[in-house]
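What follows is one structure encoded as structure tokens, with my remarks underneath.
The values are calculated or read from the model by the stated rules, or taken from the named source; none is laboratory data. The model shown is predicted, which means the values in this text are computed figures rather than measured ones. Neighbour counts run over all protein chains shown; Cβ positions are idealised from the backbone, glycine included. We work out accessible area using only protein heavy atoms, side chains counted, and drop any ligands, DNA or RNA first. Shrake-Rupley method; radii C 1.70, N 1.55, O 1.52, S 1.80 Å.
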Amino acid sequence: MALIVQKFGGSSVGDANKIKHVAKRVIETQKAGNQVVVVVSAMGDTTDELIDLAQSVAEDPYESPREMDMLLTSGERISMALLAIAINAAGAQSRSFTGSQAGIMTSAKHGDARISEVTPFRIQEALDAGDIAIVAGFQGFNKDSKDITTLGRGGSDTTAVALAAALKADVCEIYSDVDGVYTADPRVIPAARKLDSIDIESMLELAGAGAKILHIRAVEYARRHNVDLRVRSTFSTDPGTIVYSSKAGENMEEPIVSGIATDKGQAKITVIGIPDVPGKAAEVFNTVASAGANIDMIVQNTPTGSDVTDRVSDISFTLPLGDLGRVAGALDAAKANLGFRDLEQDANIGKLSVVGAGMRTHSGVSATLFSALATAGINIEMISTSEIRISVITSADQLDAAARAVHTAFELDSDVEAVVYAGTGR
Ligand code: ADP
Ligand code: ASP
Ligand code: MG
């Protein structure tokens, strides 16, 4: 008897009919002779709606991080109980569990907790009793503070992978509103092609670059614990995409470019005219770090000025859009100490990333990328690279056109249009 973990995202449990549909799929999996653990997200856009609601009672609800986690975890509790009710009504037996009941132990950081330990005794008990176990995704429990935590937006994927690893599941399936992992976000590029398989390193880079089909922490967890994932649709029978972490994927061919990702959730700050002396970059980024932001790309231009005493340079960096105001405020407050002339903020940027494990051994990828962008008349503001990724910053308005041009240039276009079955893409 195999043990299967199935995770259903928000769009898969978006309304009563969809929950009944999921119940049917889950029961079929059990009837085929498997033990089944189901992880669910909140219904549809519930999490966003709860955040909107919190913002209507306080200007910055995140000043109460504990209460935000109490609020947001309620979304997953609704779907877990509704799914259990639907499964029981359809004649099978199921029980739902919160993250804490399922043994998902985390660090104490509200809104972005890390899983530290998984002790799924109650899940195992339910399975031994022949029940389908349903677990609320995205949430855990900190033993020291004794408080409920959340794992960061999109974190239900991580719950599923962590349970699959702890229970030594045979299969971990991530069900969403598209047929698998595509060469690009099908909502941005309808000509995106579904991949039959992808290596974990490329998936990690794609997730890190903004492809939200999988939560980056879930991909990291899968890599660390050698869990293979199958990403597939709730609304079709397509076998989906296998994301290989284990040795099973070792002999897979590594395409030069597996896919591209786009991210409109970034912003850029340029610190203009900062003295070109040792220690200034450290001061700038210490100020940024104490404002609590994670920065991504950094560019410093060649210093200008007539001699060593008045040489100045500009430093630009990107950061999450939501951190822009706070970080700009912190830098402005430190302006006299840091000694820069001006600060520029740009919320209108987009990041385009090209990812492929074959880049390690093939040259010419950047030439193709830059030529495609030049032909499409798109200006590049910043560039960064890793061993298997090249990212560029463009203006936000040009990002989708840039992505389409690059997708075509790398010959990734499919003849058939990708199907997005549900969801608002919010
Ligand atoms: P869920 O609610 O199931 O967790 P998400 O909205 O988090 O679903 O993720 C699914 C969405 O991810 C898709 O609808 C698609 O728009 C987006 N996406 C971004 N990049 C990709 C990609 N490379 N392949 C497939 N989907 C992608
Ligand atoms: N409901 C949470 C979110 O919207 C977690 C998830 O969907 O994975 O971010
Ligand atoms: Mg998701």
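On the first, second and third principal axes, largest extent first, how far apart are the outermost C-alpha atoms of the stretch 163-250 in Å?
Principal extents (Cα only, largest first): 36, 28, 22 Å.
Say we join alpha carbon atoms closer than 10 Å with springs in a Gaussian network model of the chain; which of Val392, Val37, Val271 then has the biggest fluctuation?
Most flexible of the set in this elastic network: Val271.
With a length cut of 18 Å (Cα positions projected on each helix's long axis) and a Kyte-Doolittle mean of at least -0.5, go through the chain and give me the DSSP H helices that pass.
On the way: long enough: 16-31 (22 Å, -0.84); 65-89 (37 Å, 0.57).
Answer set is 65-89.
Over all pairs of distinct alpha carbons, what does the Kirkwood formula give as the hydrodynamic radius of the chain, in Å? Let's see the in-between values first.
Values: mean 1/r = 0.0434 Å⁻¹.
One decimal place: 23.0 Å for the Kirkwood radius.
Give the residue from Thr73, Val416, Val181 lying farthest towards the positive end of the charge dipole for the chain; charges sit on Cβ (+1 for Lys and Arg, -1 for Asp and Glu) and the dipole is referred to the Cα centre.
Thr73
When averaged across all projection directions, what area in nm² does the alpha-carbon convex hull of the stretch 285-392 cover? Can you show the working numbers first?
Details: hull surface 36.9 nm².
The Cα convex hull of the stretch 285-392, projected and averaged over all directions, gives 9.2 nm².
Among the listed pairs Lys264/Lys335; Lys24/Lys143; Lys109/Lys335; Lys146/Lys264; Lys20/Lys212, give every one whose C-alpha distance is greater than 32 Å. Please list the in-between numbers first.
Numbers: Lys264/Lys335 28 Å; Lys24/Lys143 36 Å; Lys109/Lys335 30 Å; Lys146/Lys264 36 Å; Lys20/Lys212 25 Å.
Listed pairs above 32 Å: Lys24/Lys143; Lys146/Lys264.
Considering only DSSP beta bridges whose two residues both sit in the chain, what percent are antiparallel, to the nearest 5?
Numbers: 45 of 74 bridges.
Percent antiparallel among DSSP bridges in the chain is about 60.
Please find, in a Gaussian network model of the chain (springs between Cα atoms separated by less than 10 Å), the residue of Ile380, Ile388, Ile104 whose mean-square fluctuation is greatest.
Ile380
Suppose a student asked you for the relative contact order of the stretch 209-308, using Cα pairs under 8 Å spaced at least 6 residues apart; what percent would you report?
On the way: 41 pairs, mean separation 21.9, N = 100.
Contact order relative to length: 22 percent.
Rounded to the nearest 500, what is the chain's calculated 222 nm mean residue ellipticity when only DSSP H runs of at least 4 contribute -39500 (n - 2.57) each, over all residues?
Working: 12 runs with 137 residues, N = 426.
Helices in the chain give a 222 nm mean residue ellipticity of -10000 deg cm²/dmol.
Could you tell me the distance between the Cα centroids of the stretch 88-139 and the stretch 179-240, to the nearest Å?
Measuring centre to centre over Cα atoms gives 24 Å.
Using a 1.4 Å probe, what is the accessible area per residue for the chain, in Å²? Mind dumping the intermediate values first?
Numbers: 18950 Å² over 426 residues.
On a per-residue basis, 44 Å².
Modelled label-to-label distance, Glu250 and Arg153, 7 Å Cα→beta-carbon offset: nm?
3.9 nm
With all protein chains present, how much of the accessible area of the chain (probe radius 1.4 Å) comes from carbon and sulfur, to the nearest whole percent?
On the way: 9360 of 18950 Å².
Accessible surface attributable to carbon and sulfur in the chain totals 49 percent.
Using the Kirkwood radius over Cα pairs, work out the Stokes-Einstein diffusion coefficient for the stretch 1-107 at 37 °C and 0.692 mPa s, in µm²/s as a whole number. The partial results should precede the final answer.
Numbers: Rh = 15.0 Å.
Estimated diffusion coefficient is 219 µm²/s.
Projected area of the stretch 103-226, taken from the Cα convex hull and averaged over every viewing direction, in nm²?
Details: hull surface 33.4 nm².
That works out to 8.3 nm².
Could you order peptides 220-231, 334-345, 203-214, 318-329 by the average number of other Cβ atoms within 10 Å of their residues, highest first? Mind showing how you got there, number by number?
Working: 220-231: 20.1, 334-345: 14.2, 203-214: 23.2, 318-329: 17.2.
Highest-to-lowest ranking by the protection proxy: 203-214, 220-231, 318-329, 334-345.
What FRET efficiency do you get for His362 and Asn88 if R0 is 51 Å and r is their Cβ-Cβ distance, rounded to the nearest 0.05?
On the way: r = 54 Å, r/R0 = 1.06.
My answer for the efficiency is 0.40.
Note down the relative contact order for the chain as a percent, whole number, built from C-alpha pairs under 8 angstrom at least six residues apart.
On the way: 930 pairs, mean separation 62.9, N = 426.
Contact order relative to length: 15 percent.
Can you compute the modelled spin-label distance between Gln55 and Ser290, with each label point 7 Å from Cα toward Cβ, in nm?
Here the modelled spin labels are 2.9 nm apart.
Placing unit charges on C-beta atoms (Lys and Arg positive, Asp and Glu negative, everything else neutral), compute the dipole magnitude of the stretch 128-282 about its Cα centre in debye, rounded to 20. Display every interim value, and only then the final one.
Values: 17 positive and 22 negative charges, 117 e Å.
I would put it at about 560 debye.
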